[in-house]
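Please treat every number below as a calculation from the coordinates, not as lab data. From a predicted model like this one, the values you see are computed outputs, not experimental measurements. Neighbour counts are summed over all protein chains in view; Cβ atoms, including those assigned to glycine, are modelled from backbone coordinates with ideal geometry.
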């Protein structure tokens, strides 16, 4: 009877250990999946607000073209930069540092082209008073704020995910199940130096 009793205790301990290990793996795996999905979902939102900006640009260019037709080079530069920016598509499941850098460069090119366009606009007081232009400019400013906000959320979610999969024992599970670090936006080189403004 004593041997049979020890056998059941041993089986019970083994079952308990297996359940604890299973519970740990399942809980950690599910947490990593949830966090990865949050990062990928937020990336889709980042792309969404960048697309919103890209969708506003043709209208803005058309309004400016009506007032500043001889600024052809600047207008074409904006259209080309928009085309480059919208041609860079990233699958959030395969977000790589290289792809993110390519995306960021295309978006920076578009931001730079828009800045040049706004300098051109300063030369045309009638354009600056045009109601359509003012509405588009307000929408563009709002979109830039949305972009900054969605990028901030993406950076926070990515940071949390990356930290989570590097913690012990999740780093072991992450390695086994193929969870990898996700890249995030980086500050541009020289962005810590304020621009020099001369009058």
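In the list 140, 136, which residue meets the criterion of being closer than 29 Å to residue 114 by Cα, more than 19 Å from the chain's Cα centre (by Cα), touching a residue at least 24 places away in the same chain (Cβ under 8 Å) and in a helix (DSSP H, G or I)?
Details: 140 fails: more than 19 Å from the chain's Cα centre (by Cα).
Exactly one of 140, 136 is closer than 29 Å to residue 114 by Cα, more than 19 Å from the chain's Cα centre (by Cα), touching a residue at least 24 places away in the same chain (Cβ under 8 Å) and in a helix (DSSP H, G or I), namely 136.
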Inset, instruction - Would you tally the residues in the range 153-182 being assigned to a loop (DSSP other than H, G, I, E, B) and in contact (Cβ under 8 Å) with a residue 40 or more places away in the chain? - result: 3
Inset, instruction - Tell me which of these residue 38 doesn't satisfy, since it passes every other one: (1) touching a helix residue (DSSP H, G or I) at 6+ places or on another chain (Cβ under 8 Å); (2) within 30 Å of residue 132 (Cα to Cα). - result: (2)
Legend entry - Failed item in (1) crowded, with 18+ Cβ neighbours inside 10 Å; (2) touching a residue at least 60 places away in the same chain (Cβ under 8 Å), with residue 45 passing the rest: (1)
Inset, instruction - Filter the range 104-116 down to residues that are touching a residue at least 40 places away in the same chain (Cβ under 8 Å) and either in a loop (DSSP other than H, G, I, E, B) or over 13 Å from the mean Cα position of the chain (by Cα) (or both) and give me whichever is surrounded by the fewest Cβ atoms within 10 Å (Cβ to Cβ). - result: 108
Legend entry - Selection from the range 68-103 of residues that are surrounded by 13 or more Cβ atoms within 10 Å (Cβ to Cβ), outside any helix (DSSP H, G or I) and within 22 Å of the chain's Cα centre (by Cα): 88, 90, 95, 96
Inset, instruction - Would you be able to tell me the number of residues in the range 117-152 that are in contact with a helix residue (DSSP H, G or I) (Cβ under 7 Å, 6 or more places away or on another chain) and surrounded by 15 or more Cβ atoms within 10 Å (Cβ to Cβ)? - result: 15
